[in-house]
Amino acid sequence: MLKINDLHANINGKEILKGINLTVRPGEVHAIMGPNGSGKSTLSSVLTGHPAYEVTQGSVEFYGKDLLALSPEDRSHEGLFLSFQYPVEIPGVSMVNFMRAAINELRKYRGEEPMSATDFLKLMREKRAIVELDNKLASRSVNEGFSGGEKKRNEIFQMAMLEPRLSILDETDSGLDIDALRIVAEGVNKLKNENNATIVITHYQRLLDYIAPDFVHVLYKGRIVKSGGPELALELEEKGYDWIKKELGEI
Amino acid sequence: MQAIQQYIDLYREQHEVIDQHSTQVLNALRPEALRRIESCTLPSTKHEDYQHTDLAAMYAPDYGLNITRIELPSQPHEAFRCDVPNLTTQLYFLVGDNFYRHHRNKELPNGVLAGSLRDMAEAHPELVARYYGKIADMSKDSTVALNTLLAQDGFFLYIPKGVVLDRPMQLVNIVGGGISMMHNRRILVVAEAGTQAKLLVCDHSEDDGTHQLISQVTEIWAGDGAVVDYYNLEENASCIQRISSTFVHQEANSNVLVNGITLRNGTTRDNYYIALNGEGAETNLCGMAIADGEKKVDVYTHIDHRKAHCNSNELFKFVLDENALGSFAGRILVREGAQKTEAYQSNKNLCASSTAHMYTKPQLEIYADDVKCSHGATVGQLDQQALFYMRTRGISEAEARMLLQFAFMSDVIENVRLDALKDRLRQLVEKRFRGELSQCQQCAMRTQKQ
């Protein structure tokens, strides 16, 4: 579904991604690990179309379409979802209005009628249960006054509402206590099926205990320098990143 | 001075006709108004309080005045039949500055008077004379003096002691007709002790390209413990210039809400003068302006804390797009002896384009030493992070901008103390933002057809 080919990207003229290659197929879970500043979050920003990043080289194909040519909203309509590392607070915009706008724009893109208020509230209720999100949060402004854990659960709730084909979870485990981590991971697992795929960006093995990856990639200095199975994550947890640097001849 | 000389000349030549088509109570103030205008000049843009509104340019065109009170052909009650759903009001109309006498309302309770200022002043001269021109201070602003010189009619609302008006009163002002005119309107509201009333004043105009100047002076008297809501909603065409001054006099323990909303306009200057004259009085003064294109909205407020133990809350918000210009100057005066005053002012503004301009100027003048006062002013852009976040959820940029701008205005709408109007305003504000997002959706906004 996703084919990233030799992707280079800049921010403020500084090259962060220096030739990423990655292929993701339906049903797969990919973990991308790597030390701070290696370009993990840049990759998710570039894939979702953040205007601050400039793609200088390479291509990204999503179900045969040129992803980089699409607006952020159309990438979402095509089935791409990003769970933000730092979800944004939007004072004055209620979760209900926010989600209704998102759902109805998706339906419009597909040529469907807007969802009725009753159906919409039913859907909200159903999906909220997946991440045990309080009804009170759903009636408040988007992420405003939410705790760290609530914000992350809210991301997964939105993912459940939009049913994306490819989800990128950017450091979804950061700032979570063990209970919140379990709820979030269980939510992700419930949403998993043979037709969708997940890219998990994380520092730690911890999240991968809950969301089992099929492939693990190490991102370092803007390139994927090593790929392997789940055992690679365990090895990284045990040895840190230094042995990879050593392999690259840096130490 | 030149710009208004033509109207002074007009008065000198036609004052008998003007008087003849008005009434004694209004006529009585004209000589004083004339003296005021002749002894002072129209404030120029060098004047501290008029830096962003060029009054000379506003008054310069040779506008016609309807001094013989010709009834313009119009069926306003037909045109406005279904406009405000779920809001049942006593409905009154001013066409131009002429009171429309052909619309019948339900009977009003217990001595409440509502209708043409001229008719009411004929029937109850002592009552009207007691208040007319007493709250609006002509020395504050020569535009008020000019209005007093030329105004022949308007709207009068009187609520005698202790009466609670359940049903909101609504005055719809309609301007149009294809002739360039100056409209001098007066609104006088007298709410005696212990009364409660809500008045919604709406401005509408035909978008027929003819230039019109609206001059509106509103006087509100709130007696002891009276609770008065005054909403003024402007939905005018871009060819309309409007200058309004609202004067409020509050007695002890009265509670007055003034909410001035500019959704569509050409050039607007709104002045608010509020005087708290008795202990325990409370003022809520708020407003919003949404402007784009070459529109201008200039708001000046003056809250005068004359007595101790009074509260005032002030909140104004502007959303400006394209080349729009906004200005807010808010003065709070706390006089000596007005101890335990609480006065809060907030002005927040959003510039949605790089060519929109906002000027904001909070001014606190405090002569008492045991008070709580604050002011805050911000000018910002749309939150780019929030915009991107929404777009990644599939919300189009246009829709996301609309949601953010709407959210920005939501607290001004929340201050409305009339549920049906609150709902209506939400719709109107949303439509306003949507209508401007794509020019082809103009039809979503109602243009007055007569």
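The values are calculated or read from the model by the stated rules, or taken from the named source; none is laboratory data. Note that the structure is predicted; figures quoted are calculated from it, not measured. No Cβ is skipped: glycine too gets one built from the backbone with ideal geometry, and neighbour counts run over all protein chains shown.
Observations
- In the set (1) among the hydrophobic types (A, V, I, L, M, F, W, C); (2) more than 18 Å from A:Ser174 (Cα to Cα); (3) over 16 Å from the mean Cα position of the chain (by Cα), A:Ala233 fails one condition alone, (2).
- Some residue of region B:91-99 being surrounded by fewer than 17 Cβ atoms within 10 Å (Cβ to Cβ), charged (D, E, K, R), modelled with pLDDT under 95 and more than 28 Å from B:Gly194 (Cβ to Cβ): no
- Screening B:Leu188 on (1) touching an Asp or Glu at 6+ places or on another chain (Cβ under 7 Å); (2) modelled with pLDDT under 95 shows it passes everything except condition (2).
- Odd one out for A:Leu169, checked against (1) within 14 Å of another protein chain (Cβ to nearest Cβ); (2) in contact (Cβ under 8 Å) with a residue 12 or more places away in the chain; (3) not in a strand (DSSP E or B): (3)
- The residues of region A:80-108 that are part of a strand (DSSP E or B), facing another protein chain (nearest Cβ under 7 Å) and on the phi < 0 side of the Ramachandran plot, listed by number, are A:Leu82, A:Ile90, A:Pro91, A:Val93.
- Counting only strands (runs of 3 or more DSSP E) that fall entirely inside region B:167-206 and contain at least 3 residues that are touching a Gly at 6+ places or on another chain (Cβ under 8 Å), the qualifying elements are B:182-191.
- Hey, B:Ser353 in contact (Cβ under 8 Å) with a residue 12 or more places away in the chain, on the phi < 0 side of the Ramachandran plot and not in a strand (DSSP E or B) or not: yes
- Conditions (1) surrounded by 19 or more Cβ atoms within 10 Å (Cβ to Cβ); (2) out of contact with any helix residue (DSSP H, G or I) (no Cβ under 9 Å at 6 or more places or on another chain); number of the one not met by B:Thr23: (2)
- Members of region A:205-222 found to be in contact (Cβ under 8 Å) with a residue 40 or more places away in the chain, surrounded by fewer than 18 Cβ atoms within 10 Å (Cβ to Cβ) and either within 19 Å of A:Val24 (Cα to Cα) or not basic (Lys, Arg) (or both), listed by number: A:Ala212, A:Asp214
- B:Val412 vs. criteria under 22 Å from B:Gly293 (Cβ atoms), at pLDDT below 95 and out of contact with any helix residue (DSSP H, G or I) (no Cβ under 8 Å at 6 or more places or on another chain): yes
- Within region A:233-251, residues that are without any contact (Cβ under 8 Å) to a residue 24 or more places away in the chain reach partners that are of a type in the set (D, E, K, R) and part of a helix (DSSP H, G or I) with beta carbons closer than 8 Å, at six or more positions or on different chains, in the pairs A:Ile251/A:Asp242; A:Ile251/A:Lys245.
- Scope region B:371-422; condition small (Gly, Ala, Ser) and either more than 14 Å from chain A (Cβ to nearest Cβ) or assigned to a helix (DSSP H, G or I) (or both); matching residues: B:Ser374, B:Gly376, B:Ala377, B:Ala386, B:Ala398, B:Ala400, B:Ala407, B:Ser410, B:Ala420
- Flag if A:Gly27 is of a type outside the set (A, V, I, L, M, F, W, C), more than 17 Å from the chain's Cα centre (by Cα) and not in a helix (DSSP H, G or I): no
- Any hit, region B:111-131, residues being under 17 Å from the mean Cα position of the chain (by Cα) and either among the acidic types (Asp, Glu) or within 23 Å of B:Gln250 (Cα to Cα) (or both): no
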